[in-house]
Amino acid sequence: MKAKTILAGAASLLALTAYAKAETLTIATVNNGDMIRMQGLTDDFTKANPDIQLNWVTLEENVLRQKVTTDIATKGGQYDVMTIGTYEVPIWAKNGWLVSLGDLGDDYDVDDLLPPIRNALSADGTLYAAPFYGESVMTLYRKDLFDKAGVTMPEKPTWDFIKDAASKITDKNAGVYGICLRGKPGWGENMAFLGNLARDYGANYFDANWKPQFESEGWKKAIEFYVDLMKNYGPPGAASNGFNENLALFGSGKCGMWMDATVAASFVTDPKQSQVADKVGFAKAPCGEENCPNDGANWLWAWSLAIPAGSQKQDAAEKFIAWATSKHYAELVAGKEGWANVPPGTRTSLYDNPDYQKAAPFAKQTLAAINAADPSSGPDKPYNGLQYAAIPEFQGLGTAVGQIFAAAVSGQMSADQALQGAQATATREMTKAGYIK
Amino acid sequence: MARAVSTRRKVFFTVLAWTVGLLIFFPILWTILTSFKSEGEAIMTPPHFLFFDWTLEGYHEVQARSNYFLYMMNSVWLSFGSTLLGLLVAVPAAWAMAFSPTKRTRGILLWMLSTKMLPAVGVLIPIYLIFQKLGLLDTRLGLIVVLFLINLPIIVWMLYTYFKEIPGEILEAARMDGANLRKEILYVLTPMAVPGIASTVLLNIILAWNEAFWTLNLTTHDAAPLTVFIASYSSPEGLFWAKLSAASTLAIAPILVLGWFSQKQLVRGLTFGAVK
């Protein structure tokens, strides 16, 4: 009896010690299919690391950004792993808010990461976040509507071709609109698309002296073209459509074409979410003129995992990040849910894999688009980023300008008035922030 | 003739009341209906009202992904805790202002209300830093204190209004009959103010239950209430309406039931003193 009691006591003490030793990582993440899938597969990680427990905090993108910014700026230490985008990484790394990810283990193979994504997540050559999934921009179109209208999508379309095709496909009586594009105001909504479109016409957000470029020839062409296109061939209420609204429209057969993030391809080809799953074709993102920058792929984004400098559990957090963004994780997802569900756009090896190529008909376009995208700064472009400018002021400025362009799409003002308004707003903000002396 | 007019009026007002009632209820009904749709069905245009393939897919997924019970218990703690704490402070305050007013009472009341005029985000960083230093981030206690403080002006104002309706002479009569302060409050004032106190309590529970700024910003996991649970179902890339609707339905269900059972008290309290 006594021996039993001692044994039981020792066992509970051991259990208590093990419990006390277990570290709990709090992981802040956005709600998207790939991240949710990862939450379901974490047994694989916790089995291999029984001393690490995981707490998930899933939030809407803007709420997440607000919360993690508050936490990291005040060194709150509430999170050990954060999901952030390519926009935040260079800014936060510069502020000393992130832990560098120099050593993710011997079998991590950091050279396998797609070079543009790796560059976007590095500062001074050091990686500060590991990509979970990446995206650029492509053209999605309805093959059946193109056949019906007798139009053939070229390998490299131009925006003039897109307009012509949109006019032939549009059948408003049948509820089919030639083109769906983002119109909802926001730096990550309509401005992501418009920044990309302006680049297609050779214009950036700012020149070498940080002067806003909204009154340049490129922006003028882009906005006039966009407003005209949406008014004539776009769906009603286009000024309130973001990614999800267009996804819903395209998936229910209302759109002939849609230019947006490459990740859209996996949604519109999924029969559970799309009524046109077997009718979708893919092409490169269009160009506004010959030899346009990056071949039209003026968009690069990656949701990535990073460790805030305030975390007290950096070693465990690093272990988790190495697991979540590894080749092993891709194989784990493929084994459980099929290759089509592996997070795209981060590793070269995935695109070399014949099984993935077979399961994801859009793989070739996605890889080409990401590899063509070059977000780095240059002599005429003082900032990093393509569809955004990686400076702290861009969130506010981009959203204010986005509201002006949305007003132009809904017919409240002309394209010229919108461009003037955008230029005045951006100049004021940039002067206030000290970029323009 | 007079009878016919009154019947017509009755019909008119009945129809009007039902129309307004249904209009107000429609968004909730639509949320509940959407929660039984598949994601594909939820985005269908034109939408199907009742004739669609009813499914529990959204609920299954919400159940599998989140610990609903943890969030709900946190909501219960926060809303009931902050309201009780509020009552403890507000009843004596409102009593003093209603029955022993001074020349500054009105000013104090307005000053209390003026604290509600500042947008919450304006004090987010100071409060966040204080919470961080005191170790109150992501704790129920911290949230109860914040919700108590932000709702306190409303509790005081509501109770003050109800107490004002009670004639001071009745309390005076009680005093003349030999009641002391404790007896006066307990046996005379409280029974008369029950409808008012009940509706104040209910309204504050609802306000605290639905509060989505502080609860989102000051919690991460352990103290996160149902507002955080709902927020986790909105997605930047991908369809989520059916799941979000299922989460919202689950989140409003307890408070809806509470409201249903206490509607008599609530209506009585809200119309208390409306007709003199």
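We did not get these values from a lab; they are worked out from the coordinates using the rules stated. Please read all numbers here as calculations on a predicted model, not as lab measurements. Virtual Cβ from ideal backbone geometry, glycine too; neighbours counted across all protein chains shown.
Calculated mean residue ellipticity, 222 nm, chain A: -13500 deg cm²/dmol, from DSSP H runs (n ≥ 4) at -39500 (n - 2.57) each, averaged per residue and rounded to 500.
Along segment A:163-172 the Karplus relation, 6.51 cos²θ - 1.76 cosθ + 1.60 evaluated at θ = phi - 60°, assigns HN-Hα couplings of 5, 4, 5, 4, 5, 6, 7, 4, 9, 4 Hz to successive residues, with x for each Gly and Pro.
Note that segment B:34-39 has calculated 3J(HN,Hα) couplings of 4, 5, 9, 9, 7, 4 Hz, one per residue in order, obtained from phi through the Karplus relation 6.51 cos²θ - 1.76 cosθ + 1.60 (θ = phi - 60°); glycine and proline are x.
Pull out a ≥ b ≥ c, the square roots of the eigenvalues of the alpha-carbon gyration tensor of segment B:5-75, then state rounded if a/c is under 1.5, prolate if not and a/b is larger than b/c, and oblate in the remaining case. Oblate shape, in that a/c is at least 1.5 and b/c is the bigger or equal ratio. Distant-in-sequence amide contacts of A:Thr158, defined by a placed amide H-H separation under 5 Å and a gap of 5 or more residues or a different chain, comprise A:Cys287. Take each residue in B:235-247, count the other chain C-beta atoms within 10 Å of its C-beta, and the mean is 6. Looking at segment B:101-159, the trypsin sites (Lys or Arg not before Pro) that sit in a DSSP loop and have at most 14 other Cβ atoms within 10 Å of their own Cβ are B:Lys103, B:Arg104. Build a GNM of chain B with springs between Cα atoms under 10 Å apart, and of B:Leu84, B:Leu124, B:Leu216 the one that fluctuates most is B:Leu124. Charges were assigned to the Cβ only: +1 to each Lys and Arg, -1 to each Asp and Glu. The resulting dipole of segment B:66-232 about its Cα centre is roughly 380 debye. Volume per residue of the convex hull around the Cα atoms, evaluated for segment B:66-232, comes out as 124 Å³.
Across peptide B:44-55, the average count of Cβ atoms from other chains found within 10 Å of a residue's Cβ is 1.
Please sort A:29-35, B:93-99 by packing, taking for each peptide the average over its residues of neighbouring beta carbons within 10 angstrom, highest first.
With the highest mean Cβ count within 10 Å placed first, the list reads A:29-35, B:93-99.
When the Gaussian network model of chain B links Cα atoms closer than 10 Å, the mean-square fluctuations of B:Asn217, B:Asn74, B:Asn151 top out at B:Asn217. Ranking A:Ala208, A:Ser136, A:Ala166 by how far each Cα lies toward the positive end of the dipole of segment A:129-220 (charges on Cβ) leaves A:Ala166 at the top. If you run the Gaussian network model on chain A, springs between alpha carbon atoms under 10 Å, then out of A:Glu245, A:Glu60, A:Glu318 the most flexible one is A:Glu60. Less than 5 angstrom separates the built amide H of A:Val176 from those of A:Asp171, all sequence-distant by 5 or more or on a different chain.
For A:Thr26, the residues 5 or more places off, or on other chains, whose built amide H falls under 5 Å of its own are A:Asn55, A:Asp80, A:Val81. Between the helical axis of A:394-409 and the longest alpha-carbon principal axis of chain A there is an angle of about 40 degrees. Compute the distance from the alpha-carbon center of segment B:197-271 to that of segment A:311-339, in whole Å. One Cα centre to the other: 35 Å. Within a straight-line Cα-Cα reach of under 26 Å, A:Lys336 can be paired with the following lysines, leaving aside sequence neighbours fewer than 8 residues apart in one chain: A:Lys47, A:Lys272, A:Lys319, A:Lys327, A:Lys358, A:Lys364, B:Lys243. Over the protein assembly as shown, the pair-distance histogram of Cα-Cα distances with 20 Å bins from zero comes to 15, 42, 31, 11, 1 percent, rounded to whole numbers. Helix A:327-337 and the longest principal axis of the C-alpha atoms of chain A enclose an angle of approximately 80°.
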